[in-house]
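One structure below.
The values are calculated or read from the model by the stated rules, or taken from the named source; none is laboratory data. In this text the structure is predicted, and so the values were computed from the model without any measurement. Here the Cβ is made from the backbone with ideal geometry for all residues, glycine too, and neighbour counts use every protein chain on show. Heads up: the accessible areas ignore ligands, DNA and RNA and are worked out on the full protein's heavy atoms, side chains in. Shrake-Rupley method; radii C 1.70, N 1.55, O 1.52, S 1.80 Å.
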Amino acid sequence: MQYSKKVLEHFAEPHNVGTMDDADGVGEVGNAVCGDVMRIFIKVKDDRIDDIKFQTLGCGAAIATSSMVTDLAKGKTLDEAMTINRDNVATQLDGLPPVKMHCSNLAADALHAAIEDYRKKQAAKAG
Amino acid sequence: MDTRKTIYMDHAATAATDPEVVEAMLPYFAEKFTNPATLYTPGRGNDEVIEAARETIAKVIKADPGEIYFTSGGTESDNWAVKGVALASEKKGRHIITSAIEHHAVLEPCEFLKKRGWDITVLGVSDTGLVDPADVEKAIRNDTVLVSVMHANNEIGTIEPIADIAKITRAKGVIFHCDAVQTIGKIPVDIKALGVDMASASAHKFYGPKGVGFAYIRKGTRVETFNHGGGQEAGRRAGTHNVPGIVGMAKAIELADARLGDGARLTSLAEMLWKGLVNSIPDMLRNSPQGNSLPGFLNIVVEGVEGEAMLLRLDGKGVCVSSGSACTTGSLEPSHVLLAIGLPAEVAHGSVRFTLGRENTEEDVKHVIKEFPKIVAVLRQMSPTYKPDCRKGGLPYAI
């Protein structure tokens, strides 16, 4: 099994690592029993992702995909961000080993969960 | 580009072939290439070379030369033992006993037999990975034909009470196979004193070439032929001899035997590594039992971090190790050995195995002690599951 150069770069120096105390939406997927947990925090301004941070427990692919998803989502409208999927993320990283496509490529799901969390909160506010 | 040398700490996986071994092998590729079975002049002598190698190996493990059979390595020797004994003893019974921490080269043949109607008892182990001989005794039935327990575990390094188990199997008349792939050439192995009927060994674990190993089969042990074909190995394991490999293996075991004293140095290096790491990394646990592990073995779990991530970051610092996380086992499950010693899956994913060998020095250990805590700190900062501030101290599970 070999990782692409891009995966290793994102793994070695991941972008947008961190947490947010005042996040507008938080999404978490995976579980520790499987060895992968991802949490994504978003700040939303004018229906766009203004800021995004992630925390990930997982392997090289899990960390690299998290980093890539945050790069892809930053500045996008929520609808645009919802179209980012596992395949886009893998392609942008110049591919992932087949064994990693399912278990460690959950970052797009975490992003969607964060957006859904934001929308739910907005709906509750609008009440 | 990092120009620092590579620090290889994965000797339980394989080791570099000793240059003296390579030198001993070289004439047997192009110059003395002939089949040991031939009678013409250029071929004469290779049969003697094979027999000399057999004697060398037998002497080191204190067996008779006629009890050493050349194979392609540990996996073949293990397969031969499990399936060969099962087939030879079918009329007596179809029950096999093994342990939960065996190598896949034993567990998979057992699984294969299970699908074909054999009954397999898999014994659990203690939290340090020990098989209890009393459990073996309790598990033996009238139809038990084989007990297979490894000499030392390849992931955590625990050395098993083989001689005690052998006393039981001998008394009950059950064949005992011992996977000694991790011990032969690493610690003193006196096969007669251990009292096993069969044992498996692999040359590349003791600085020999890959693709060659041997099976010890005590005289009178009933085991079916594995490779059918020509009459090599007394008709029990057919196939043209791997002459360079066998020559290399004999040289390697001779050299390894002369260097067994290095084990004490490796044990103290592993202790130094543990002390250095445990001083600077909180919430870390040791899986290799102190005082009963193979020399140079240190398997740890680091809470809140995944094993492959640590492995890759160590690689970035020039250090080669392995891990028992799901990502590195090639399945969705973490190491079966770590689960068997009672670690929850979420903890087992955070394992790292350092296995030190000949070329490792104190400097190498110091380098790891300096770099590894930084790696753990960075990955923990990234981790959503590690919350040191919420801790009351200690690990969140009983062990």
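Mind listing just one residue for me: the one in the range B:191-228 that is of a type in the set (S, T, N, Q) and open to solvent by less than 10 Å² (accessible area, probe 1.4 Å) and, of those, farthest from B:Leu87 (Cα to Cα)?
Keep residues of the range B:191-228 that are of a type in the set (S, T, N, Q), which gives B:200, B:202, B:221, B:225, B:227.
Those left that are additionally open to solvent by less than 10 Å² (accessible area, probe 1.4 Å): B:200, B:202.
Numbers: B:Ser200: 18, B:Ser202: 24 Å.
Among those residues, the one meeting the criterion is B:Ser202.
From the list A:Asp87, A:Asp94, pick out the single residue that is part of a helix (DSSP H, G or I) and more than 20 Å from A:Arg39 (Cβ to Cβ).
Residue meeting the stated conditions: A:Asp87.
What tally of residues in the range B:191-210 results from selecting those that are touching a Gly at 6+ places or on another chain (Cβ under 6 Å) and either on the phi > 0 side of the Ramachandran plot or polar (S, T, N, Q) (or both)?
2
Within the range A:7-36, can you find the residues that are over 21 Å from A:Lys120 (Cβ atoms), under 14 Å from the mean Cα position of the chain (by Cα) and part of a strand (DSSP E or B)?
Selection gives A:Val17, A:Asp36.
Taking B:Glu20, is it in contact with a helix residue (DSSP H, G or I) (Cβ under 8 Å, 6 or more places away or on another chain), over 18 Å from B:Gly213 (Cβ atoms) and open to solvent by 70 Å² or more (accessible area, probe 1.4 Å)? Give the steps one after another, and end with the answer.
On the way: in contact with a helix residue (DSSP H, G or I) (Cβ under 8 Å, 6 or more places away or on another chain): yes; over 18 Å from B:Gly213 (Cβ atoms): yes; open to solvent by 70 Å² or more (accessible area, probe 1.4 Å): yes.
When the stated conditions are applied, B:Glu20 passes them.
Would you call B:Ile159 open to solvent by 30 Å² or more (accessible area, probe 1.4 Å) and either free of Cβ contacts under 8 Å to residues at least 60 places away in the same chain or among the β-branched types (Val, Ile, Thr) (or both)?
Against the criterion (open to solvent by 30 Å² or more (accessible area, probe 1.4 Å) and either free of Cβ contacts under 8 Å to residues at least 60 places away in the same chain or among the β-branched types (Val, Ile, Thr) (or both)), B:Ile159 qualifies.
Out of the residues in the range B:376-388 that are open to solvent by less than 10 Å² (accessible area, probe 1.4 Å) and assigned to a helix (DSSP H, G or I), which is farthest from the other protein chains (Cβ to nearest Cβ)?
Going through the range B:376-388, the residues open to solvent by less than 10 Å² (accessible area, probe 1.4 Å) turn out to be B:376, B:379, B:382-384.
Adding the requirement that they be assigned to a helix (DSSP H, G or I) leaves B:376, B:379, B:382.
On the way: B:Val376: 13, B:Leu379: 8, B:Met382: 5 Å.
My answer is B:Val376.
Return yes when B:Ala234 is over 16 Å from B:Asp10 (Cα atoms), at pLDDT below 95 and more than 14 Å from chain A (Cβ to nearest Cβ) and no when it is not.
Values: over 16 Å from B:Asp10 (Cα atoms): yes; at pLDDT below 95: yes; more than 14 Å from chain A (Cβ to nearest Cβ): yes.
Here the answer is yes, as B:Ala234 does meet what is asked.
Name, by its number, the condition in (1) more than 9 Å from chain A (Cβ to nearest Cβ); (2) open to solvent by less than 10 Å² (accessible area, probe 1.4 Å); (3) touching a strand residue (DSSP E or B) at 6+ places or on another chain (Cβ under 7 Å) that does not hold for B:Gly318.
(2)
Among the listed residues A:Thr19, A:Thr56, identify the single one that is hydroxyl-bearing (Ser, Thr, Tyr), within 20 Å of A:Asp117 (Cα to Cα) and open to solvent by less than 60 Å² (accessible area, probe 1.4 Å).
Numbers: A:Thr19 fails: open to solvent by less than 60 Å² (accessible area, probe 1.4 Å).
Only one candidate passes the filter, namely A:Thr56.
Of (1) over 16 Å from B:Met198 (Cβ atoms); (2) open to solvent by 30 Å² or more (accessible area, probe 1.4 Å); (3) of a type in the set (A, V, I, L, M), B:Leu87 satisfies all except one. Which?
Of the numbered conditions (1) over 16 Å from B:Met198 (Cβ atoms); (2) open to solvent by 30 Å² or more (accessible area, probe 1.4 Å); (3) of a type in the set (A, V, I, L, M), the odd one out for B:Leu87 is (1).
I need the full set of residues from the range A:1-39 which are polar (S, T, N, Q) and either at the interface with chain B (Cβ under 8 Å from one of its Cβ atoms) or closer than 22 Å to B:Val352 by Cα (or both), in order please.
Just the residues of the range A:1-39 that are polar (S, T, N, Q), to begin with: A:2, A:4, A:16, A:19, A:31.
Passing the criteria: A:Gln2, A:Asn31.
Hey, A:Ile42 hits all of (1) β-branched (Val, Ile, Thr); (2) closer than 20 Å to B:Ala309 by Cα; (3) more than 14 Å from chain B (Cβ to nearest Cβ) but one; which does it fall short on?
With respect to (1) β-branched (Val, Ile, Thr); (2) closer than 20 Å to B:Ala309 by Cα; (3) more than 14 Å from chain B (Cβ to nearest Cβ), A:Ile42 is out only on (2).
Looking at (1) part of a strand (DSSP E or B); (2) surrounded by fewer than 24 Cβ atoms within 10 Å (Cβ to Cβ), find the lone condition where B:His177 falls short.
Exception for B:His177: condition (2).
Going by what's in this entry, would B:Glu76 be described as part of a loop (DSSP other than H, G, I, E, B) and surrounded by 20 or more Cβ atoms within 10 Å (Cβ to Cβ)? Outline the logic, then answer.
Details: part of a loop (DSSP other than H, G, I, E, B): no; surrounded by 20 or more Cβ atoms within 10 Å (Cβ to Cβ): yes.
When the stated conditions are applied, B:Glu76 does not pass them.
State whether one or more residues within the range B:349-362 are more than 14 Å from chain A (Cβ to nearest Cβ) and of a type in the set (Asp, Glu). Outline the logic, then answer.
Looking only at the range B:349-362, we keep the residues that are more than 14 Å from chain A (Cβ to nearest Cβ), and these are B:353-362.
The next check asks that each one be of a type in the set (Asp, Glu); those that pass are B:359, B:362.
Yes, the conditions are met somewhere in the range B:349-362.
Please specify each residue of the range A:48-84 satisfying the condition of being away from chain B (no Cβ under 11 Å) and part of a helix (DSSP H, G or I).
Pass one, the range A:48-84, residues away from chain B (no Cβ under 11 Å): A:48-52, A:65, A:68-84.
Those that are away from chain B (no Cβ under 11 Å) and part of a helix (DSSP H, G or I): A:Thr65, A:Met68, A:Val69, A:Thr70, A:Asp71, A:Leu72, A:Ala73, A:Leu78, A:Asp79, A:Glu80, A:Ala81, A:Met82.
Report, by residue number, each residue of the range B:95-120 that is buried (at least 19 other Cβ atoms within 10 Å of the Cβ) and either of a type in the set (Asp, Glu) or in a loop (DSSP other than H, G, I, E, B) (or both).
Result: B:Ile101, B:Glu102, B:His103, B:Trp118.
Restricting the search to the range B:33-73, which residues are part of a helix (DSSP H, G or I), open to solvent by less than 10 Å² (accessible area, probe 1.4 Å) and either on the phi > 0 side of the Ramachandran plot or charged (D, E, K, R) (or both)?
Of everything in the range B:33-73, just one residue is part of a helix (DSSP H, G or I), open to solvent by less than 10 Å² (accessible area, probe 1.4 Å) and either on the phi > 0 side of the Ramachandran plot or charged (D, E, K, R) (or both), namely B:Glu67.
Residues to consider are B:Gly342, B:Gly350, B:Gly357, B:Gly263; find the one that is closer than 30 Å to A:Ser4 by Cβ and either outside the structural domain of B:Glu102 (by TED's automatic domain parsing) or touching a residue at least 12 places away in the same chain (Cβ under 8 Å) (or both). Break it down into steps so the answer makes sense when it comes.
Values: B:Gly342 fails: closer than 30 Å to A:Ser4 by Cβ; B:Gly357 fails: closer than 30 Å to A:Ser4 by Cβ; B:Gly263 fails: closer than 30 Å to A:Ser4 by Cβ.
Testing whether each residue is closer than 30 Å to A:Ser4 by Cβ and either outside the structural domain of B:Glu102 (by TED's automatic domain parsing) or touching a residue at least 12 places away in the same chain (Cβ under 8 Å) (or both) leaves just B:Gly350.
Those residues that are β-branched (Val, Ile, Thr) and exposed (fewer than 14 other Cβ atoms within 10 Å of the Cβ), I need them from the range A:78-110; list them, please.
Residues of the range A:78-110 that are β-branched (Val, Ile, Thr), as a first pass: A:83-84, A:89, A:91, A:99.
Those that are β-branched (Val, Ile, Thr) and exposed (fewer than 14 other Cβ atoms within 10 Å of the Cβ): A:Thr83, A:Thr91.
Of all residues in the range B:273-305 being polar (S, T, N, Q) and closer than 19 Å to B:Gly261 by Cα, which is surrounded by the fewest Cβ atoms within 10 Å (Cβ to Cβ)?
Taking the range B:273-305 and keeping what is polar (S, T, N, Q), we get B:279-280, B:287-288, B:290, B:292-293, B:299.
Imposing the further condition that a residue be closer than 19 Å to B:Gly261 by Cα reduces the set to B:290, B:292-293.
Working: B:Gln290: 12, B:Asn292: 15, B:Ser293: 24.
So, considering only residues that are polar (S, T, N, Q) and closer than 19 Å to B:Gly261 by Cα, the one surrounded by the fewest Cβ atoms within 10 Å (Cβ to Cβ) is B:Gln290.
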